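Down below is the structure, laid out as structure tokens.
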Amino acid sequence: VPDHLGVVGLDMAGPTIVDWGRDEQKRRFLPAILRCDEIWCQGFSEPESGSDLASVRTRAEREGDGWVVNGQKVWSSFASFADWCILLVRTDPAAAKHAGLTYLLVDMRSPGVEVRPLRQITGDPEFGEIFFTNVRVPTDSMLGAPGDGWKVAMTTLSHERGTHGITLAARLAVEMRTALSTLTAPAPSENRPFDDPIVRDRFTELWIELRALELVNRSALAVLEATGTPGPETTTSKLHWSELNQLLTALMGDCLGPAALEESNRWSYARLRARGNTIEAGTSEILRNIIAERVIGLPRSR
Ligand SMILES: Cc1cc2nc3c(=O)[nH]c(=O)nc-3n(C[C@H](O)[C@H](O)[C@H](O)COP(=O)(O)OP(=O)(O)OC[C@H]3O[C@@H](n4cnc5c(N)ncnc54)[C@H](O)[C@@H]3O)c2cc1C
């Protein structure tokens, strides 16, 4: 089954609206997200603000009964197709970095919104730049209060790494079974790749790692069910999943030889797309920092 386009809506915007939205916002947005009638994108990263997300500079200024937004976002997945954007903006430049942010729900068809697609290593323009020029956003499209933006964004990111991350791990289990049937299928005029003990070792190691990831995710799901919000342990899930996915696609590339380079080969595409896994939703370095500080409890680095 191909990926659906409602990823940001279902796994990130929707859960954030459940946590922070007023009743009328829930009524307006959640049914359309569930039906996939409206596609969402995430406008967090900027050219100078990726890992250091709290430094975003896209400005929203009060004007009458709403906000006027100016600035630029980048790497926004599905921006070219999106109807709505979850947007992190700076509303109080005088406040401390994390305190001056606000979270808006922006209609991507508003005058002044321009999307320029960016082509990825796979050849697909899955993400893009979004430029905002005097874009008017009504006050009732704000999630939380002015200044709550950082807290609301952390809810989104915890679902991106948790709710979405758990889904990705379930899909990885399916991918691993598909890989296994490819590796064990008799190859014409050759041995099966799985007959090579090194391939068997590499694959078995990945299988064990996947099992460990599934157990961590089970306990993360228990936390999610009990509290409604994914806990910091989901950071481990996203880190583990992204690295496992890269190792699996690399193994398949090694085993399939030149066939893996053919454009039509699913493992070729998967291997190229997997490069971004350790960058999107927080790079592996940032996730290791979070695990050190919030899961293990080491003191914050300066
Ligand atoms: C496929 C893909 C899809 C994406 N989709 C979206 C999206 O839909 N919406 C969105 O808003 N963004 C999206 N992003 C952007 C993503 O969130 C950022 O790329 C990511 O947060 C890293 O930011 P950066 O690219 O600016 O790198 P930088 O923050 O400049 O980092 C550069 C390098 O420095 C390292 N580094 C930075 N700070 C530290 C530190 N404190 N400690 C240790 N190492 C550090 C990083 O790990 C990295 O290796 C997407 C990215 C990719 C690849």
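The values are calculated or read from the model by the stated rules, or taken from the named source; none is laboratory data. Here the structure is a predicted model, which is why all the values come from computation and not from measurement. Backbone-built Cβ (ideal geometry, glycine too); neighbour counts: all protein chains shown.
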When residues of the range 222-254 are filtered for being at pLDDT 90 or above and either hydrophobic (A, V, I, L, M, F, W, C) or under 18 Å from the mean Cα position of the chain (by Cα) (or both), how many remain? 19
So in the range 104-151, with the set limited to residues that are within 16 Å of the ligand (Cβ to nearest atom) and among the β-branched types (Val, Ile, Thr), which one is surrounded by the fewest Cβ atoms within 10 Å (Cβ to Cβ)? ILE121
Which strands (runs of 3 or more DSSP E) sit wholly inside the range 42-93 and have at least 2 residues that are hydrophobic (A, V, I, L, M, F, W, C) and within 8 Å of the ligand (Cβ to nearest atom)? 66-77
Any idea which of (1) within 30 Å of ARG271 (Cβ to Cβ); (2) modelled with pLDDT of 95 or more; (3) in contact with a Ser or Thr (Cβ under 7 Å, 6 or more places away or on another chain) is the one GLU129 doesn't satisfy? (3)
List pairs: first in the range 264-276 and within 14 Å of GLU126 (Cβ to Cβ), second outside any helix (DSSP H, G or I) and β-branched (Val, Ile, Thr), Cβ under 7 Å, 6+ apart or cross-chain? TYR269/THR122; LEU272/ILE121; LEU272/THR122; ARG273/THR122; ARG275/ILE121
From the option list GLU24, GLU38, single residue qualifying as outside any loop (DSSP other than H, G, I, E, B) and acidic (Asp, Glu) is GLU24
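Residue-wise test of (1) within 12 Å of the ligand (Cβ to nearest atom); (2) touching a Phe, Trp or Tyr at 6+ places or on another chain (Cβ under 9 Å); (3) assigned to a helix (DSSP H, G or I).
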| position | (1), (2), (3) |
| --- | --- |
| SER242 | yes, no, yes |
| GLY253 | no, yes, yes |
| PRO258 | no, no, yes |
| SER264 | no, no, no |
| TYR269 | no, no, yes |
| ALA281 | yes, no, no |
| GLU285 | yes, no, yes |
| ASN289 | yes, no, yes |
| ARG300 | yes, no, no |
Find the residue count for the range 1-30, including only residues that are under 29 Å from VAL174 (Cα atoms) and not hydroxyl-bearing (Ser, Thr, Tyr). 16
Kindly provide the set of residues from the range 50-65 that are crowded, with 18+ Cβ neighbours inside 10 Å and touching a Lys or Arg at 6+ places or on another chain (Cβ under 8 Å), ordered by number. VAL56, THR58, ALA60
